[in-house]
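Below you'll find the structure, written out as structure tokens, and then a few comments.
Rule-based calculations on the coordinates, nothing more; no lab input. Note that the structure is a prediction, hence the values are computed from the model and not measured. Using ideal geometry, Cβ is built from the backbone for each residue, glycine included, and neighbour counts are taken over all protein chains shown.
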Ligand SMILES: Cc1ncc(COP(=O)(O)O)c(C=O)c1O
């Protein structure tokens, strides 16, 4: 009799995990209040809820100023603009991240320089940054993910000695702290996303935080169609866009921000318990927890599946088996951006890739980042945060299912199953399937 659900056995879990996003009457009341006020948009800028939320959010992360805006991708664009990144400038960025970290660099006709990630944290490997720096480097853009931080001590040391900006992509790090300082509060800018899956969300949304008034003013003008910022001490005049957040989003985010500490506590207690249950399991490995991280932000729990230990049975089969046991999970959550089908970069669209060179830079073939490639295609397993918002029994189900798959892994050998095919699908193809499932 097969044991694994994917081979015909009984699944560990038949009921769903806590649904995400979570809301209550508080969100409903806040939305209704905005509706009735007829003051819905981002203009006048910054509007009532947007400025209240941005100020609270910035303070919670140890920064002086905050701007609420349309989403996390434009948050990065705004930070790059406000940092003064110009066409042809180079920006150091980890290879293993969401494509939205990199797109804004190209949009400014600047050049992303990919650097591999640290195998212990999956964040930008600070030891590899210096060799990627050239006289054109103007910014380092670390991404804090997998409950980790890129090594900010080292990154700030490198950047400060060369007058290079540090823009922290904190889309996974809300309320996390490095040496007691909030995510995004150590660099020149912190950029956040409030897209649906994030640990506080309004469906879409983003924020930029900074402690520099000059940066704040530039960023405000850029977000608000080039209009003078509210303080206007530096009298920047620039071409801007409308990246404002609506009052509906901001009102929801104010409520979500209040709920965050309690949820973070629950997640962390469950994650600690989960790690305790699985630590030492042959063939699985956990990322490092750096002592300098004084508060963990749990957006996705990431661990390693080591296929060599399981006789080469690929991660895709492990993931499909786990999902069939009732545990939502992902492997190809990110891939090295330069190899991604979501990164069809054509030098004709980005002239700086050709400037001063006999042939344009081919960002798709120039790089080989072995740690990012191994994480993306072989070993990383991503579990969404809402799985850990339930009870200890829910967490036991996750751990039991993982152990069950590991113990019965041989049932996966040469198994063919649509769940495996689905998991093997490229990220560019996935939306078709996901849409159908909904
Ligand atoms: C690491 C990272 N950076 C940037 C973004 C962009 O955020 P948004 O989807 O709000 O544009 C995301 C969002 O998924 C992200 O995960």
**Report entry** Mean Cβ neighbour count within 10 Å, used as a protection proxy, ranking 300-307, 272-279 highest first
**Finding:** 300-307, 272-279
Report task. Could you calculate, for the chain, the ratio of the Cα radius of gyration to the Kirkwood radius, expressed as Rg to Rh? Result -> 0.98
Query raised in the report: Which angle between 0 and 90 degrees, to the nearest 10, do you get for helix 315-324 versus the longest principal axis of the chain when only C-alpha atoms count?
Result: 80
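For segment 25-255, what percent of Cα pairs sit more than 33 Å apart?
Details: 3505 of 26565 pairs.
Counting every Cα pair in segment 25-255, those more than 33 Å apart make up 13 percent.
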Query raised in the report: Angle between the Cα long axis of helix 152-162 and the longest principal axis of the chain, 0 to 90 degrees, nearest 10?
Result: 30
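Is segment 113-240 rounded, prolate or oblate when judged by the Cα gyration tensor, a ≥ b ≥ c being the square roots of its eigenvalues, rounded requiring a/c under 1.5 and prolate requiring a/b larger than b/c? Each step should come with its number before you reach the end.
Working: a/c = 2.07, a/b = 1.28, b/c = 1.62.
Cα axes put segment 113-240 in the oblate bin.
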Query raised in the report: What distance in nm separates the simple spin-label points at residue 368 and residue 234, each placed 7 Å from Cα in the Cβ direction?
Result: 4.2
Query raised in the report: Length gain on complete extension for the stretch residue 242 to residue 426, per 0.36 nm per residue less the alpha carbon to alpha carbon distance?
Result: 62.9 nm
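Taking the number of other C-beta atoms within 10 Å as the exposure measure, put 120, 330 in order starting with the fewest. Please list the in-between numbers first.
Numbers: 120 15, 330 18.
With the sparsest Cβ surroundings first, the list reads 120, 330.
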Requested in this report: Evaluate the relative contact order of segment 25-255 (contact order divided by residue number), counting alpha-carbon pairs under 8 angstrom at least 6 apart; express in whole percent.
Outcome: 27
Query - Length gained when the stretch residue 37-residue 400 is fully extended (0.36 nm per residue, less Cα-Cα span) - result: 125.7 nm
Query raised in the report: Remind me, relative contact order of segment 57-137 in percent, using alpha carbon pairs under 8 angstrom and six or more residues apart?
Result: 27
Query raised in the report: Quick one: if you stick a label point 7 Å off each Cα along the C-beta vector at residue 281 and residue 19, how many nm between them?
Result: 2.8
Query raised in the report: Could you put 134, 121, 210 in order, starting from the residue whose Cβ has the fewest other Cβ atoms within 10 Å?
Result: 134, 121, 210
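State whether segment 317-357 is rounded, prolate or oblate according to the following rule on the C-alpha gyration tensor (a ≥ b ≥ c being the square roots of its eigenvalues): a/c under 1.5 gives rounded; otherwise a/b larger than b/c gives prolate, and the remaining case gives oblate. Mind dumping the intermediate values first?
Numbers: a/c = 6.18, a/b = 5.08, b/c = 1.22.
Judged from the Cα gyration tensor, segment 317-357 comes out prolate (a/c at least 1.5, a/b above b/c).
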Query raised in the report: With axes computed from alpha carbons, what is the tilt in degrees of helix 392-407 against the longest principal axis of the chain, rounded to the nearest 10 within 0 to 90?
Result: 60
Report summary line: Note on segment 1-121: alpha-carbon gyration tensor, axes a ≥ b ≥ c; rule is a/c under 1.5 for rounded, else prolate if a/b larger than b/c, else oblate; result oblate
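Before rounding to the nearest 500, sum -39500 (n - 2.57) across all DSSP H runs of length at least 4 in the chain and divide by the residue total; then give [θ] at 222 nm in deg cm²/dmol. Write out the running numbers ahead of the final one.
Working: 12 runs with 146 residues, N = 438.
Result for the chain, helices only: -10500 deg cm²/dmol.
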Query raised in the report: Sorted by mean Cβ packing within 10 Å, highest first, what order do the peptides 288-299, 171-182 take?
Result: 171-182, 288-299
Query raised in the report: Could the peptides 227-238, 390-401, 70-81 be put in order, highest first, of the mean number of other beta-carbon atoms found within 10 Å of their residues?
Result: 70-81, 390-401, 227-238
Report summary line: For residue 29 and residue 417, extending 7 Å from Cα along the Cα-Cβ vector and measuring point to point gives, in nm, a value of 4.7
Query - Mean separation of Cα contacts under 8 Å (6+ apart) over length of the chain, as relative contact order % - result: 21
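In what sequence do 189, 216 fall when counting other Cβ within 10 Å, fewest first? Numbers along the way, then the final one.
Working: 189 30, 216 26.
Going from sparsest to densest Cβ surroundings: 216, 189.
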